[in-house]
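*Asks:* The structure follows.
The values are calculated or read from the model by the stated rules, or taken from the named source; none is laboratory data. Please read all numbers here as calculations on a predicted model, not as lab measurements. Positions of Cβ are backbone-derived with ideal geometry, glycine not excepted, and every protein chain shown enters the neighbour counts. For the accessible areas, the whole protein counts, side chains as well, though only heavy atoms, and no ligand, DNA or RNA atoms are used. Shrake-Rupley method; radii C 1.70, N 1.55, O 1.52, S 1.80 Å.
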Amino acid sequence: MRLSGDFFFPESVQENRFVVRLNAAHYIYAAHFPGHPVTPGVCLVQMVQELLSQSLGCPLFTRTIRNVKFLNIVSPLENERVAVCITRMADDGSQVSVQAVITADADDSRVFAKMSLVMERNPF
């Protein structure tokens, strides 16, 4: 399920830092949780995948989640914008290994999640 353009909207990119706006009215938040929206962890992983796919200009698929730490709740009511920072990336032509940190847009010291992922380029 593609989330960009509906669940979140990319607003800016500077080098390896993407700023996105979360859609608090999205139906995912109605179920997770009514009246107190919380961004599901799987949506944060998908967001990193989609932003990196867009940046590299090719479809990527998450092959391995090496490590994910969810450190703070991401509520679109409290943080309408978040920053996705790619802190490390290695691309061998078929797979992309990436480390990412998701922070509050205005305050990079407020860390929501850290993750280490291996993504595969579309073989087709």
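*Asks:* First select every other residue whose beta carbon is under 13 angstrom from the beta carbon of Arg17; then total the charges, Lys and Arg +1, Asp and Glu -1.
*Replies:* Details: positive: Arg81; negative: Glu11, Glu15, Asp105, Asp108.
Neighbourhood net charge equals -3.
*Asks:* Sticking with this structure for a sec: If you average 1/r across every pair of different Cα atoms in region 17-63 and take the reciprocal, what Kirkwood value do you get, in Å? Mind dumping the intermediate values first?
*Replies:* Working: mean 1/r = 0.0833 Å⁻¹.
About 12.0 Å for region 17-63.
*Asks:* Net charge near Leu71, counting Lys/Arg +1 and Asp/Glu -1 over other residues with Cβ under 12 Å of its Cβ?
*Replies:* +3
*Asks:* State the percentage of accessible surface on the chain attributable to carbon and sulfur atoms; use a 1.4 Å probe and exclude ligands, DNA and RNA.
*Replies:* The C+S portion of the solvent-accessible surface of the chain is 51 percent.
*Asks:* Further, regarding this structure: Return the calculated 222 nm mean residue ellipticity for the chain, to the nearest 500 deg cm²/dmol, obtained by summing -39500 (n - 2.57) across DSSP H runs with n ≥ 4 and dividing by the residue count.
*Replies:* It lands at -5000 deg cm²/dmol.
*Asks:* If you average the sequence gap of Cα pairs under 8 Å that are 6 or more apart and divide by the length of the chain, what percent do you get for the contact order?
*Replies:* 26
*Asks:* Roughly how many Å² is the accessible area per residue of the chain, as a whole number, for a 1.4 Å probe?
*Replies:* Result: 55 Å² per residue.
*Asks:* While we're here: Would you kindly find the accessible area of Glu11, with a 1.4 Å probe and non-protein molecules such as ligands, DNA and RNA excluded, rounding to the nearest 10 Å²?
*Replies:* The accessible area of Glu11 comes to roughly 90 Å².
*Asks:* In square angstrom, rounded to the nearest 10, how much accessible surface does Val68 have for a 1.4 Å probe?
*Replies:* We get 40 Å² for Val68.
*Asks:* While we're on this one: Taking the 0 to 90 degree range and rounding to the nearest ten, how far is the long axis of helix 41-56 tilted relative to the main principal axis of the chain, both from C-alpha atoms?
*Replies:* Value to nearest ten degrees: 50.
*Asks:* Protein chains only, probe 1.4 Å: how do Ser109, Ser116 rank by accessible area, largest first?
*Replies:* From most exposed to least exposed: Ser109, Ser116.
*Asks:* Sticking with this one: Normalized C-alpha radius of gyration of the chain, against 2.2 N^0.38 Å? Walk me through the numbers before you get to the answer.
*Replies:* On the way: Rg = 13.9 Å, N = 124, 2.2 N^0.38 = 13.7 Å.
The value comes to 1.01.
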